[in-house]
Amino acid sequence: MEATQAPAAGSPTLLLEQVVKTYVMGDTEVRALRGVSLTIGRNEYVAIMGPSGSGKSTLMNMIGCLDTPTSGSYLLEGLPVGKMSDDELADIRNRKIGFVFQTFNLLPRADVLHNVELPLVYAGEPRASRRKRALEAIERVGLADRAHHKPNELSGGQRQRVAIARALVGNPSIILADEPTGNLDSRTGEEIMRMFDELYSSGQTIILVTHEDDIAAHARRTVRLRDGLIESDVTNGARRRPAAAATAPGP
Amino acid sequence: MKLGLDIAESARISLSALMANKGRGALTALGIIIGIVAVITTMTAANGLANNFKETFSVIGADVVYVSRMPWIIRGPDEFARFNRRPQIELDDGERLAQALRGRAVVNPYVGTRELVRYGSKTLDAMQITGTTDKMVVMSGTLPETGRFLMPFDLQYRRAVAVIGWEIKERLFENRDPIGEKIRVGNRDFRVVGVMAKEGQGVFGGTSTDVEVYIPVTTFAKIFGGRQRGFDVDLAIKGMSPDTLADLEYEVIGEFRKIRSLRPGEDDNFSINKLDTLVTAYNNIMGVVVGVGLMVTGIALFVGGVGVMNIMFVSVTERTREIGIRKAIGARRRSVLMQFMFEAGVICLFGGLVGIVVAWLAGIAPAWKGARQDPIEALRYE
């Protein structure tokens, strides 16, 4: 078993120490995480992998501040997330985390612009700068001409790009992507992954949760979970250049 | 600081949600509309009845105290039996009271019976025949439209003259001038000397001068006094100023006890009546009626509220995912709460406003009728 401490790029963005999460289901106690310690530094590109039931989703919820640990500590940029109230967690999610989900999770009745500017609405950003930043994010994902379309007028790949724009717009510490290509065909999936690669190149910290090796291969470090514990934590070797990149011209 | 943005966003979300489910929102608002209309209509009706009541009984006079054998409001047969044993109030009692209150109040007797009234071949059954004096004009402030009212010499000489109500004149004489004509009341002839102005009738059907025949009380005594065991007189007493009604009431009680030679400690064997007693009784009854009405309509409104609650439950349930998304990207509890509060608020506000407008339009119908009146017709109407 390999348990090499991954080299931290810069000071830790995320620091988990002996995080335990137990759920009570009926009268049985389920230990989803049994003592996970993980450090992720600024501008890291980490894939979290593991079979279902490994605690992968629980860990993602924990990192995304959607849930708090039963014991152990979690510092996000030095902030003790474990002891925060619901509303404080909402603020942390708003400012520090950008979510990208497998099912996109856009608001169906709102247009692209409104979907993207929503985090800024909850951050209390004034209307004008909110609009400006949202349009910038939309342009960054290449959807400037679709700003006033509704999600159901877009393809799956475009929807996911809207979700990425929404994750980016608040300038978060981490982009947390949960199976971001799970609902997309492999070609579109590659496009989305290239977008993550670009974000990484521009200095963004990205955490991918996936069970696909192809997708995980984009990351520079892979953390494998099994039965609520970290099984391995390795730095990926020479970055495998995806074959599709050679044929598809860059934007 | 963030509140304004929260409100703007909530408004935006809830309005778009409502627009997406127009029919559902409209039906829910309908519940509120019905509730509001019901409540407003009940309150308006109660108000209208109260005004109508006041109009109907304004004949009685708010500043007049009545001395009668019976109180106007009798609770149960036991009370009736007890009051029925009281001695009758005679015309003499009235004169003595007038003497005692001379310079402080006007006393006017009223005595009534029902008789057949006939003119030529036309007969009116069981009309109200009221024996009174010339002082009635002071009491009620009503004057004959044509001719004159009773005069002191009518009373002094027990003349067979009558002042008839407007409706009686219409039914007996139609368009002919009744002044100087002879009508038959019971089995006596009376000469018509005046016709009272039209008064109209309230919904409560209180006494109206329109269907009465006024004759001198002395003549009344001469003709009808001999039968049965005499007749019961009501005495109306009007003070110099309406402000001193309470004082007047005490004085009247005192003087009438003297007339009745009651010893201290003995109960009054007569009753003091005034409009106030009726108003109090009316308010008690109407209070209950309006209370029950408001309760029922309140339930209608409540049911409307339950409708809103129901629709909000549905709305929250079907947007569980949306709430999840919003919370994940940083919505606080307050923001989510506000979003749904706003939606409920819009439905209720819309329903309430439409309800008010509907109730208001219902009030417009009579107003419209009034506005398009022909002025000539309107002026002729009394």
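The values are calculated or read from the model by the stated rules, or taken from the named source; none is laboratory data. The shown structure was predicted, so the numbers you read here are calculated from the model rather than taken from an experiment. Cβ sites come from the backbone with ideal geometry, for glycine too, and all protein chains shown count toward neighbours. Ligands, DNA and RNA are stripped out before the accessible areas are found, and what is left, the full protein with its side chains, is counted by its heavy atoms. Shrake-Rupley method; radii C 1.70, N 1.55, O 1.52, S 1.80 Å.
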Looking only at residues that are at pLDDT below 90 and touching a Ser or Thr at 6+ places or on another chain (Cβ under 8 Å) in region B:324-340, which one is nearest to the other protein chains (Cβ to nearest Cβ)?
B:Ser335
Odd one out for A:Leu168 among (1) touching a Gly at 6+ places or on another chain (Cβ under 8 Å); (2) under 20 Å from A:Ser57 (Cα atoms); (3) buried (at least 16 other Cβ atoms within 10 Å of the Cβ)
(2)
In the set A:Leu15, A:Leu38, A:Leu106, which member is within 11 Å of chain B (Cβ to nearest Cβ) and of a type in the set (A, V, I, L, M, F, W, C)?
A:Leu106
Identify, from the list B:Asn269, B:Asn310, the residue that is away from chain A (no Cβ under 14 Å) and under 30 Å from B:Ile237 (Cα atoms).
B:Asn269
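Quick one: would you say A:Gly203 is touching a helix residue (DSSP H, G or I) at 6+ places or on another chain (Cβ under 9 Å), small (Gly, Ala, Ser) and either at pLDDT below 95 or under 23 Å from B:Ile325 (Cα atoms) (or both)?
Values: touching a helix residue (DSSP H, G or I) at 6+ places or on another chain (Cβ under 9 Å): no; small (Gly, Ala, Ser): yes; either at pLDDT below 95 or under 23 Å from B:Ile325 (Cα atoms) (or both): yes.
Spelling it out, it is not the case that A:Gly203 is touching a helix residue (DSSP H, G or I) at 6+ places or on another chain (Cβ under 9 Å), small (Gly, Ala, Ser) and either at pLDDT below 95 or under 23 Å from B:Ile325 (Cα atoms) (or both).
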Region A:58-87 residues that are without any contact (Cβ under 8 Å) to a residue 12 or more places away in the chain, paired with ones that are not charged (D, E, K, R) (beta carbon under 8 Å, 6 or more apart)
A:Pro80/A:Ser73; A:Pro80/A:Tyr74
List every residue pair whose Cβ atoms lie under 6 Å apart, where the two residues are 6 or more positions apart in sequence or sit on different chains, the first residue falls within region A:112-129 and is within 7 Å of chain B (Cβ to nearest Cβ), and the second residue, located anywhere, is open to solvent by less than 10 Å² (accessible area, probe 1.4 Å) and part of a loop (DSSP other than H, G, I, E, B).
A:Pro119/B:Gly330; A:Tyr122/B:Gly330; A:Tyr122/B:Ala331
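Answer yes or no: is there a residue in region B:130-138 that is open to solvent by less than 60 Å² (accessible area, probe 1.4 Å), assigned to a loop (DSSP other than H, G, I, E, B), at pLDDT 90 or above and of a type in the set (Ser, Thr, Tyr). Working first, answer last.
Taking region B:130-138 and keeping what is open to solvent by less than 60 Å² (accessible area, probe 1.4 Å), we get B:130-134, B:136-137.
Keeping just the survivors that are assigned to a loop (DSSP other than H, G, I, E, B) gives B:133-134.
Applying the additional criterion that residues be at pLDDT 90 or above yields B:133-134.
From what's left, of a type in the set (Ser, Thr, Tyr): B:133.
Within region B:130-138, one or more residues are open to solvent by less than 60 Å² (accessible area, probe 1.4 Å), assigned to a loop (DSSP other than H, G, I, E, B), at pLDDT 90 or above and of a type in the set (Ser, Thr, Tyr).
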Name the single residue, out of those in region B:139-150 being in contact with an Asp or Glu (Cβ under 9 Å, 6 or more places away or on another chain) and in a strand (DSSP E or B), that is most open to solvent (accessible area, probe 1.4 Å).
B:Glu145
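Output the residues belonging to region B:179-195 that are open to solvent by less than 20 Å² (accessible area, probe 1.4 Å) and out of contact with any Ser or Thr (no Cβ under 7 Å at 6 or more places or on another chain). Lay out the reasoning, then the answer.
The initial filter retains those residues of region B:179-195 that are open to solvent by less than 20 Å² (accessible area, probe 1.4 Å), namely B:183, B:185, B:190, B:192-195.
Of everything in region B:179-195, those that are open to solvent by less than 20 Å² (accessible area, probe 1.4 Å) and out of contact with any Ser or Thr (no Cβ under 7 Å at 6 or more places or on another chain) turn out to be B:Ile183, B:Val185, B:Phe190, B:Val192, B:Val193.
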Only one residue in B:Arg176, B:Arg158 is charged (D, E, K, R), open to solvent by 30 Å² or more (accessible area, probe 1.4 Å) and free of Cβ contacts under 8 Å to residues at least 60 places away in the same chain. Which one?
B:Arg176
Just to be sure, is B:Glu255 under 31 Å from the mean Cα position of the chain (by Cα), charged (D, E, K, R) and under 15 Å from B:Arg96 (Cα atoms)?
no
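Identify, from the list B:Leu124, B:Leu150, B:Leu101, the residue that is touching a strand residue (DSSP E or B) at 6+ places or on another chain (Cβ under 9 Å) and over 18 Å from B:Arg191 (Cα atoms). Don't jump to the end; show me each part of the working.
On the way: B:Leu124 fails: over 18 Å from B:Arg191 (Cα atoms); B:Leu150 fails: over 18 Å from B:Arg191 (Cα atoms).
Unique residue meeting the criteria: B:Leu101.
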State whether the residues of region B:267-274 include one that is within 30 Å of B:Glu145 (Cβ to Cβ) and surrounded by 18 or more Cβ atoms within 10 Å (Cβ to Cβ).
yes
Determine which single condition B:Ile74 fails, assuming it passes every other condition in (1) farther than 30 Å from B:Ala162 by Cα; (2) of a type in the set (A, V, I, L, M); (3) part of a helix (DSSP H, G or I); (4) away from chain A (no Cβ under 14 Å).
(3)
